[in-house]
Amino acid sequence: MSKPRVLEVDVLVIGSGAAGMTAALKAADLGAKVVIVEKSDRFGGSTAMSGGVCWVGNNRHMAAAGVPDSDEEVLTYLTNITGDEGSEPHLRTYRDASKRMIDWLHEHSHVQFDALGQYTDYYPEAPGGKMGGRSMEPKPFDGSLLGDDFDLLRRPAASALVLGKLMITAALAKRFIAMNFGGLLMMLWLMIKYVLRWPKRRKLVRDPFLTNGNALAARLWRSCMDREIELWLSCRLKELVVDNGRVVGAMLHHDSNGDAEVFEVRARKGV
């Protein structure tokens, strides 16, 4: 039996959801050669099928939307809803690091969010809870900016599409639920824009107007494309490679057009 071939990178990222692509972006900006592997034949993972909402207390987008918050209130809220499940140092780390992540993405990538002023915390009645603003959704994105890779983006859940075809933001969905005159006019305007995108839709098979998790995954991958980060699809983790108690790589199983191969990737700086 022949020995599997061995490849080397600086950082190997397993999974092409929001967490994986964010990690890949940061590693690349630190000078690492990065490869993302994804077991599916589409990238985006469950992120692409989700609402794409990100919860970060006292975030920069709240301030821009005029929603008041403070680090003290965020810690009070997290402490109350987690009870004995999390220590204060861990909660402080989450509170502070999540804000730094959002700021970094805003300044160094295509990822942009809008604060949802009417999207409450899960427990708004808890001490430190807020009636909105901490939850953010990605700004809509033009999928055609991904070029040929647009067809490789995992499609959204069917339940997230209006009439099975059109994506809308969470903020607009809330307006439609009210079924007032303004909401009906907005729906009419969205349908008109959908019709006007016919040339793009015909070329790209589906509507390139992306919201929710599809927009987040697309924005992250466009940022990865700018950095020429490699993405290997249909490539699943078989097992981690451990040397002296340290993970130094992974055995991967690649299946393309029925041709299967197992090979090893060594990661000089991390997996």
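Charging the Cβ of each Asp and Glu at -1 and of each Lys and Arg at +1, and nothing else, the dipole of segment 189-260 about its Cα centre rounds to 740 debye.
Dipole magnitude for segment 107-175: computed about the Cα centre from +1 point charges on Lys and Arg Cβ and -1 point charges on Asp and Glu Cβ, it is near 340 debye.
With the simple spin-label model, which puts each label point 7 Å out from Cα in the Cβ direction, the His90 to Glu72 separation comes to 2.6 nm.
Sequence-distant contacts, meaning Cα pairs under 8 Å at least 6 residues apart, place the relative contact order of segment 1-135 at 22 percent.
In terms of the mean number of neighbouring beta-carbon atoms within 10 Å, the peptides 46-59, 214-227 order highest first as 214-227, 46-59. Taking the three principal axes of the alpha carbon atoms in segment 33-146, the coordinate ranges are 44, 31, 25 Å, sorted in descending order.
Which value, in debye to the nearest 20, gives the size of the charge dipole of the chain about its Cα centre, when Lys and Arg are +1 and Asp and Glu are -1 at the Cβ? Working shown, then result.
Values: 35 positive and 33 negative charges, 202 e Å.
In total the dipole reaches around 960 debye.
Just the number, please: carbon plus sulfur as a percent of the accessible area of the chain, 1.4 Å probe, no ligands or DNA/RNA counted. Working shown, then result.
Numbers: 8060 of 14560 Å².
Exposed carbon and sulfur together represent 55 percent of the surface.
Placing dummy labels 7 Å off each Cα toward the beta-carbon, the span from Met186 to Ala19 is 3.2 nm.
Can you give me the accessible area per residue for the chain, using a 1.4 Å probe, in Å²? Each step should come with its number before you reach the end.
Values: 14560 Å² over 271 residues.
That works out to 54 Å² per residue.
Across segment 1-77, C-alpha contacts under 8 Å between residues 6 or more apart give a mean separation that, scaled by the residue count, equals a relative contact order of 25 percent. May I ask you to derive the FRET efficiency for Asp103 and Ala260 from their Cβ-Cβ distance with R0 = 35 Å, giving the value to the nearest 0.05? With R0 = 35 Å, the Cβ-Cβ based efficiency is 0.25. Estimated at 0.36 nm per residue, the fully extended path between His253 and Arg227 surpasses their Cα-Cα distance by 6.8 nm.
Summarising the label geometry, the points placed 7 Å from Cα in the beta-carbon direction at Ala63 and Asp149 lie 3.1 nm from one another.
The values are calculated or read from the model by the stated rules, or taken from the named source; none is laboratory data. Model, not experiment: these values are computed from the prediction. Cβ sites come from the backbone with ideal geometry, for glycine too, and all protein chains shown count toward neighbours. Just the protein is used for accessible areas: all its heavy atoms, side chains included, with ligands, DNA and RNA removed. Shrake-Rupley method; radii C 1.70, N 1.55, O 1.52, S 1.80 Å.
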